[in-house]
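Working notes for the structure below.
The values are calculated or read from the model by the stated rules, or taken from the named source; none is laboratory data. Being a predicted model, the structure only gives us computed values, none of them experimental. Counting neighbours? That spans all protein chains shown, and the Cβs are built from the backbone with ideal geometry, glycine included. Just so you know, the surface numbers come from the protein's heavy atoms only, side chains and all, with ligands and any DNA or RNA stripped out. Shrake-Rupley method; radii C 1.70, N 1.55, O 1.52, S 1.80 Å.
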Amino acid sequence: MTSTSGLIPGDDLGRGAPGREAQGRGPNRGGEFSQEDDQAPAAGWGAALSVMKVLGRTREAVRGPQAILKMNHENGGFDCPGCAWPDDRKGLHLDICENGIKHVTWEMTRKKVGREFFAAHTVTELSGWSDFALEDQGRLTEPMVYDPASDTYRPISWDAAFELVGATLRGLDSPHQAAFYTSGRLSNEATFLYQLWAREFGTNNVPDCSNMCHEASGRAMTAALGTGKGTCDIDDWEKADLLIVMAVNAASNAPRMLTALADAHRRGAQIVHVNPMVEAASRRTIVPHEFLAMATFHTTATGTMDIQPRIGGDLALLRGVAKAVLERAETDPTVIDELFIQRYTTNYETYRKTVQQATWAELTHQCGVPEKTIRDLAERYLAADRTIIAWCLGVTQQEHGCDTVREILNLLMLRGNLGREGAGPTPIRGHSNVQGNRTCGISHRPDKAFLDRLAEVCEFDPPREHGLGTVATIEAMHRGDVKVFVALGGNFALASPDLPYTFEALRNCDLTVQVSTKLNRSHIVHGKRALILPCLGRTDKDAQASGAQGITVEDAMSMVHISYGMKVPASPHLRSECAILAGMARATLPESETPWQEYADDYDRIRDTMEKVLDGFDEFNRRVRQAHGFRIDQPARERAFHTRSGRAEFSLAPLPDDVDPGEGRLMLATVRSHDQFNTTIYSNDDRYRGLKGLRTVVFMNENDMRDRGLEEFDLVDVTSFSKDGTQRTVHGYRAVRYEIPPGCAAGYMPELNVLCGMADVSTQSQQPVTKHLVVEVTRSG
């Protein structure tokens, strides 16, 4: 057994609250913290006051409201750079949320990070700053290159930066010694150019953030339905009789979903929240754009039932519901949609026997939910004519994520809740274009049909072998097999598992290239040579040789629409993602016949090519300029299943046998706070969980705290136990009581990503299992 401290040298990751507050660089100074039982409704005046504070703190009293009126509007507006929840289609003038406004004002800041800043601060010094402090410096303004002699970043021209990238890539022994990573922020056009550059260079090493979030969803749905996407659209949510919302706190992760939940409750639908933690979105809300409700403090329920399975117990819970349904079918066969099953599915009889063989004792032990509660949920399912099941990362970031998503689909298929209005699966995507990234070619496992079309249209022979996903890329960088790492957006160094190992891997690269809007940890943890290439943000005007440009994104329900920035960029030296990619591609592939410059000059040219390569993008330029854009065709929605059997396939997964963490141990899930967007931390507060001034916490069941002799806010150490026998410990965290099942715990990412070892990945999806970690919590010595 080896032990790795959670404390990263020169950084505050892994250290408890006093260390962070004492530096005076975090969003909250002074080290004061508290918790209160906050039962206030989600959104409402709490959100409105939060927005006012944000606008005041950022001094955006004019531009902020202007942005709010432009966000998510079809006529010349820009798409919110936050979550991927679909835009309103009924003329709503304030289709916005608190977190979207935070993200927009974060991007619109007047603060700037230029050459003077970098000249004044070495990378060694910056490595000791908090992550909040790094991002709080403002927008990056010009390309920078790392100078090892002075340990600082220095200015570099765009042409010189592109040549450094191109020369380094051309000098590799193999294209597979490079990896091209993207976050979900990248537009469809930039995504297409990115994968085109990587594949024309000769590799499918195009890992993305989906490898760490919804990879399990895509693989499971593809195997079962022949599509990696959900089949529902926003209209279906308005027609469902039952919404089962699993493993997501919509109030923080997709706040505009609260409107759909409130509307569903008003029309009498059942809304069941399945989550180890009872979250704000499961209670009540005041929708901010409902002005009468705001004026009268009138709340609307957003849930009718809460179910708290143990962490990792979702599959057993779903199978228990299926068991209750099949038991009812023995006396009332009409509760099963036999016509749908016979005509459109396969493996049903074997699945039915698998479910019947599971005992109630086994199911209730596995999920931690009483049989009576499971049967109650089954009764609601049986009473509903149309059911939607939605889920997020609490389902996917665990060892059995693929099997759990397949069980969601099994349950829907039992009653024909696929391919009809008001019914179907809905994975809740986190970033505004993470689904579009996959649609437009970002995948280290591309299918043959896509590569064939790419070869035909773009006239080159793309590589056919699978590339490296995110975890495999980190391991390859650590071994020295990947020598160049390019990242489009995101904060890879902080979002990844096993942070010390990831840091070593990045520092082992010959060259790291970060295309970013703001300074973050990934610029401080870099390769032997490093470039920071600043790009336009979603709110920035994008002017190219042919005029003003719009970029497109795809939401979580397959709607594609166009977005136009509204403000003058922070610096004249900024370039768009498409222009930066075209510049790097030209420098890398000097003999290429791809019209890179023409693509950068006019994004319509990119879209003209995309429509020839991508399914469902016919007449792309025309249709995307229609009101609300267009929806990509979903064959599974029409009950056309492009699977090996040509049918929707029931899965036959056994129940997992690893839900018990072991004597004296807990199963821990990482979560994000309300005042956070992915790795970007806006403050140390978490309003919906009643926490102020503190992020280094472990949420625990009251009985688990009592068993360990812990009181509220006692200092504790948290040790994780990896699959490979190694241990990792963070010190000086605070124990906080929370409504969570016994044997379970939770804490914030990215701080607790350090507890997830490189061996802690799902064997099904290769995702880091950051919501399925075995830990011990002990009083700090």
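Any idea how far apart ALA759 and GLU456 come out in nm if each label point goes 7 Å out from Cα toward Cβ? Going from the ALA759 label point to the GLU456 one covers 4.7 nm.
Could you pull out the chymotrypsin sites (Phe, Trp or Tyr not before Pro) across segment 296-353 that fall in loop regions by DSSP (anything but H, G, I, E, B) with no more than 11 other Cβ atoms inside 10 Å? Write down the numbers at each step before the final one.
Details: sites: PHE297, PHE340, TYR344, TYR348, TYR351; in loops: PHE297.
Here the sparse-neighbourhood loop sites are PHE297.
What value, in deg cm²/dmol to 500, does the helix sum -39500 (n - 2.57) over DSSP H runs of n ≥ 4 give at 222 nm once divided by the residues of the chain? Write down the numbers at each step before the final one.
Values: 32 runs with 271 residues, N = 781.
Using -39500 (n - 2.57) per qualifying helix, the result is -9500 deg cm²/dmol.
Once both labels are positioned 7 Å from their Cα atoms along Cα-to-Cβ, the gap between LYS111 and ARG266 label points is 4.0 nm.
When each of the peptides 629-642, 242-255, 526-539 is scored by the mean number of other C-beta atoms lying within 10 Å of its residues, the order from highest to lowest reads 242-255, 526-539, 629-642. Protection proxy ranking of 715-728, 129-142, 750-763, by the mean of other Cβ atoms within 10 Å over each peptide's residues and highest first, is 750-763, 129-142, 715-728. The charge dipole of segment 508-553, taken about its Cα centre with unit charges on the Cβ of Lys, Arg, Asp and Glu (plus for the first two, minus for the last two), comes to roughly 180 debye.
Which one, GLY527, THR539, ALA556, projects farthest toward the positive side of the charge dipole computed for segment 525-564 from Cβ point charges (K/R +1, D/E -1)? So the residue furthest toward the plus end is GLY527.
Per atom type, the chain shows carbon and sulfur on 50% of its accessible surface, probed at 1.4 Å.
So what is Rg over Rh here for segment 387-472, counting just Cα atoms and using Kirkwood for Rh? Before the final figure, lay out each step's value.
Working: Rg = 16.6 Å, Rh = 15.7 Å.
Answer for segment 387-472: 1.06.
Here are a few candidate values for Rg/Rh (Cα atoms, Kirkwood Rh): [x] 0.94; [y] 0.99; [z] 1.13. Which one was actually calculated from the structure I just gave you? Matching the structure shown: [x].
In the context of the full set of protein chains, residues of segment 329-483 present 38 Å² of accessible surface per residue (probe radius 1.4 Å, heavy atoms only).
Under the simplified labelling scheme, the ALA640-ALA149 pair shows an inter-label distance of 6.3 nm, with each label point 7 Å from Cα along Cα→Cβ.
Taking R0 as 30 Å, what FRET efficiency do you get between GLU362 and GLN342 from their Cβ-Cβ distance, rounded to the nearest 0.05?
Result of the calculation: an efficiency of 0.50.
The length gained by stretching the chain between LYS528 and ARG622 to full extension, at 0.36 nm per residue less their Cα-Cα distance, is 29.3 nm. Taking the charge dipole of the chain about its Cα centre, with +1 at Lys and Arg Cβ atoms and -1 at Asp and Glu Cβ atoms, the residue from SER683, GLN727, HIS214 reaching farthest to the positive side is SER683. Enter the Cα centre distance for the pair segment 110-185 and segment 351-399, rounded to the nearest angstrom. If you average the Cα positions of each part, the centres end up 48 Å apart.
Remark: the GLU711-GLU663 segment gains 15.2 nm on full extension, using 0.36 nm per residue and subtracting the alpha carbon distance.
Measuring nothing but how far apart in sequence close Cα pairs (under 8 Å, 6+ apart) lie, relative to its length, the chain scores a relative contact order of 22 percent. Between GLU371 and ALA120, the contour length at 0.36 nm per residue exceeds the Cα-Cα span by 84.0 nm.
Tell me which trypsin sites (Lys or Arg not before Pro) from segment 425-503 have a DSSP coil assignment and no more than 13 other beta carbons within 10 Å of their own. Could the numbers behind the result be given before it?
Details: sites: ARG429, ARG438, LYS448, ARG453, ARG464, ARG479, LYS483; in loops: ARG429, ARG464, LYS483.
When the trypsin sites (Lys or Arg not before Pro) of segment 425-503 are filtered for loop state and at most 13 Cβ neighbours within 10 Å, ARG464 remain.
Within a straight-line Cα-Cα reach of under 19 Å, LYS111 can be paired with the following lysines, leaving aside sequence neighbours fewer than 8 residues apart in one chain: LYS53, LYS102, LYS518, LYS541, LYS567.
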